[in-house]
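Read through the structure below, which is laid out as structure tokens, and then see the notes.
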Amino acid sequence: MSFLDRKETKPAPPQHIAIIMDGNGRWAKKRGLPRTAGHSAGAESFRRIANYCRKIGVKYLTVYAFSTENWKRSAEEVSGIMKLLGAYLKEALRDMEKNHVRFCFFGDLSRLSPELQKLCLDAQSRSSEYHEVQVNFCLNYGGRDEIVRGIRRFAADVAVGKRQPEEITEALFDTYLDSAGVPDPELVIRPSGEMRTSNFLPWQTVYSEFVYMNVLWPDFSSKDLDAAIEEYHRRNRRFGGA
Ligand code: IPE
Ligand code: IPE
Ligand code: MG
């Protein structure tokens, strides 16, 4: 086999990729469309990337879909996003047997409409046996809120005598978070050009590699994901060691 014939073998992708799906509004504005059209295009992009992640063997994909701060937006935009989420979950429930995706939800779902909460719970319970790829949807998610809710749960266990205050360790606290049982993401990608985390997974990403990209989420392609993974493989992860 000559050098030119040799197929490049790609290194295995990280097992857990987290994405801040940002830039829908700017994508719509550039086209003179309402922001909701950007969110529809963003939902398409999510379908594409989730499929691609499954194809290349990513085990966990965590996506930031709606933050605890996003309620500050206009009622029209918020209700448009909620409608899209509902439609997506109905479709996911319909195609469940075909896609074999396990659904999980991070965030305080209690602020969502009862209908949306039910769709989330149905998707979670009906997909719990699938192990090919797990998609964690962050809905009404805030990293600080997740930590505060975790502390509340731990304090409630202490109050009923199930736990002692001095038992708390990093590993035990992990089990009180929405992400309990999910390994930390190795790679966090933020498209849209913004370079901040906007309250996304502060506990879980202390040693994650961050890749910020200048593409708007609706335009994000499998090639962009490949590029982010390549960048990840070029990084030298030291975890505080020499
Ligand atoms: C991300 O896109 C989607 C949500 C936050 C719900 P944006 O709506 O934030 O898009 P930009 O940042 O305004 O372009
Ligand atoms: C982060 O994006 C939240 C989601 C993508 C769901 P934002 O657009 O809300 O973040 P900021 O306001 O630019 O920090
Ligand atoms: Mg944004």
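The values are calculated or read from the model by the stated rules, or taken from the named source; none is laboratory data. The shown structure was predicted, so the numbers you read here are calculated from the model rather than taken from an experiment. Note: ideal-geometry Cβ built from the backbone for every residue, glycine included; neighbour counts use all protein chains shown. Note: areas computed on protein heavy atoms with side chains; ligands, DNA, RNA excluded. Shrake-Rupley method; radii C 1.70, N 1.55, O 1.52, S 1.80 Å.
Under a Cβ-only charge scheme (Lys and Arg +1, Asp and Glu -1), can you give me the dipole magnitude of the chain about the Cα centre, in debye to the nearest 20?
Dipole about the Cα centre, nearest 20: 540 debye.
Report, by chain and number, residues whose modeled amide H sits under 5 Å from the one on M21, excluding near sequence neighbours (fewer than 5 apart, same chain).
Correct list: Y64.
Could you pull the accessible area for K10 with a 1.4 Å probe, rounded to 10 Å²?
Roughly 140 Å² of K10 is accessible to a 1.4 Å probe.
Take H100 and E115, extend 7 Å from each Cα along the Cα→Cβ direction, and tell me the distance between the two endpoints in nm.
My value for the distance between the label points is 3.3 nm.
Under 1.5 on a/c is rounded, so check that first for the stretch 103-242, then, if it is not, pick prolate when a/b is larger than b/c and oblate when it is not; a ≥ b ≥ c are the square roots of the alpha carbon gyration tensor eigenvalues. Let's see the in-between values first.
Details: a/c = 2.04, a/b = 1.33, b/c = 1.53.
Here the stretch 103-242 falls in the oblate category.
Name the residue farthest towards the positive end of the dipole of the chain from the options W27, L121, V215, assuming +1 on Cβ of Lys and Arg, -1 on Cβ of Asp and Glu, about the Cα centre.
Value computed over the given set: W27.
Rounded, prolate or oblate: which fits the stretch 1-139, taking a ≥ b ≥ c as square roots of the Cα gyration tensor eigenvalues, rounded meaning a/c under 1.5, else prolate when a/b beats b/c?
The shape class here is oblate.
Please compute the modelled spin-label separation between A12 and R153, points set 7 Å along Cα→Cβ, answer in nm with one decimal.
Inter-label distance under the simple model: 2.8 nm.
Skip the ligands, DNA and RNA, and give the accessible area per residue of the stretch 42-174 with a 1.4 Å probe, whole Å². Walk me through the numbers before you get to the answer.
Working: 7100 Å² over 133 residues.
That works out to 53 Å² for each residue.
Under unit Cβ charges (Lys, Arg +1; Asp, Glu -1), what dipole magnitude, rounded to 20 debye, does the stretch 1-119 have relative to its Cα centre?
Details: 22 positive and 12 negative charges, 53 e Å.
Rounded to the nearest 20 debye, it is 260 debye.
Mean Kyte-Doolittle hydropathy of 0.5 or higher plus an axial Cα length of 27 Å or more: which whole DSSP H helices in the chain meet both?
none
Check F105: other-chain or 5+ apart residues with amide H under 5 Å from its amide H, H built from backbone geometry?
Result for F105 returns F137.
Give the calculated FRET efficiency between R238 and R144 to the nearest 0.05, with a Förster radius of 30 Å applied to their Cβ-Cβ distance.
0.65
Assuming a ≥ b ≥ c are the square roots of the Cα gyration tensor eigenvalues, decide whether the stretch 112-171 counts as rounded (a/c under 1.5), prolate (otherwise, with a/b larger than b/c) or oblate.
prolate
Based on the Kirkwood radius over alpha-carbon pairs, what is the Stokes-Einstein translational diffusion coefficient of the chain at 37 °C with 0.692 mPa s viscosity, in µm²/s?
The Stokes-Einstein estimate is 171 µm²/s.
Of the heavy-atom accessible surface of the chain (probe 1.4 angstrom), what whole percent is carbon and sulfur?
Of all accessible area on the chain, carbon and sulfur atoms account for 53 percent.
To the nearest 20 Debye, how big is the dipole of the stretch 129-195 about its Cα centre, given +1 on the beta carbon of each Lys and Arg and -1 on that of each Asp and Glu?
Using only the charged Cβ atoms, the result is roughly 360 debye.
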